[in-house]
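So the structure is just underneath, and the comments pick up after that.
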Amino acid sequence: MLVILVVLGAAVLHATWNAMAHGAPDRVAGLALFELAAGVIGLVAVLVMGLPPAGTWGYIIASAVLHLAYLGGLLASYQLGQFSQMYPLARGTSPWVVAVVSIVILNQQLALIELAGVLLISGGLIGLVFIGRPGRRQAPALLAAFGTGLMIASYTVVDGVAVHKMPVATYMGWVFMLQGFAVPIAVLCWRGPRAFDLPRPAILSGLAGGVVSMAAYGLVLWAQTRGTLAAIAALRETSIIFGAIIGALFFHERFGPKRAAAAAVVVAGIVLITLG
């Protein structure tokens, strides 16, 4: 029960920081500030925890690279599409991909109830994509969101293995220090010294978003040391519902009964995977 509550709390935090990223007046600068805050926290963790165990650098580098690819896809998704559609598609893609990888690569067995959950998630995602008859103009946004989901699944699998080989704080510190400083440096090189010429509230919001992001990620990593990978990956995606609520309340995006029903199907699939 403690693990379930922790992951649900992480889901709320995750939907919150994604909404903050989507609502930033300058999403590129906002995301860079998120990562700057995460990088500083990661640096503190590295100074406290020290070097990772021998033979684990591959996990750290792979996760950092996958997180950077994920951030790029996330930014593209939020630039091109609506939060209430992009967030469920990106987050909902991950659980069934993780389940498939767990079976094919990690040789983990999937119970019948979990398989049913995977099929429900897939069906709900198809509904989210095609409700409203998306035209060709939405295709780039949908592809970006789906690609983001693949990156989420990829780093989830890497993280799920890595946290059993070193302390969570060590792993988390190195991953976020590497990726956290890489993003603002890249934005500075791209945009120049005025890249972060933002109002003070926007700067504070960006830095706060980074702290929220780190908290959400840390809670999930801790949960992965105490639960099965597929179940944790699925349960964390209950953030889909919180994201839908945030999109409707704060961004005034029309979710509608059909999208709500499709999102409910996705969550039903997530519940089945968790119960399995």
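The values are calculated or read from the model by the stated rules, or taken from the named source; none is laboratory data. What you are looking at is a predicted structure, and each value in this text was computed from that prediction instead of being measured. For neighbour counting, all protein chains shown are included, and Cβ atoms are generated from backbone atoms with ideal geometry for every residue, glycine included. Just the protein is used for accessible areas: all its heavy atoms, side chains included, with ligands, DNA and RNA removed. Shrake-Rupley method; radii C 1.70, N 1.55, O 1.52, S 1.80 Å.
The table for this structure:
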quantity: Extension gain from VAL44 to ASP197, taking 0.36 nm per residue of separation minus the Cα-Cα distance; calculated: 52.5 nm
quantity: Extension gain, ALA116 back to ALA260 (0.36 nm per residue minus Cα-Cα distance, nm); calculated: 49.8 nm
quantity: Neighbourhood net charge (11 Å Cβ-Cβ; Lys/Arg +1, Asp/Glu -1) for ILE203; calculated: -1
quantity: Label-point separation, LEU249 to VAL100 (7 Å along Cα→Cβ), nm; calculated: 3.5
quantity: Where N is the number of residues in region 154-250, Cα Rg divided by 2.2 N^0.38 Å; calculated: 1.31
quantity: Most fluctuating residue given options GLY218, GLY30, GLY39, as computed from a GNM of the chain linking Cα atoms under 10 Å; calculated: GLY218
quantity: Helical segments meeting 18 Å axial Cα length and Kyte-Doolittle -0.5 threshold in the chain (DSSP H); calculated: 2-23, 27-49, 57-80, 83-104, 112-130, 139-162, 168-191, 200-224, 256-275
quantity: Computed E for TRP190/LEU8 - FRET, C-beta separation, R0 41 angstrom, nearest 0.05; calculated: 0.65
quantity: Heavy atoms of HIS252 accessible to a 1.4 Å probe, total area in Å² rounded to 10; calculated: 150
quantity: Pairwise Cα inverse-distance average, inverted: Kirkwood Rh of region 21-67 (Å); calculated: 12.5
quantity: Most mobile listed residue (ALA233, ALA45, ALA139) in the chain, GNM with C-alpha springs under 10 Å; calculated: ALA139
quantity: Stretch gain in nm, segment GLN79-TRP57, where the contour uses 0.36 nm per residue and the Cα spacing is subtracted; calculated: 4.6 nm
quantity: Angstrom value of the Kirkwood radius, inverse mean 1/r, which spans all Cα pairs in the chain; calculated: 18.8
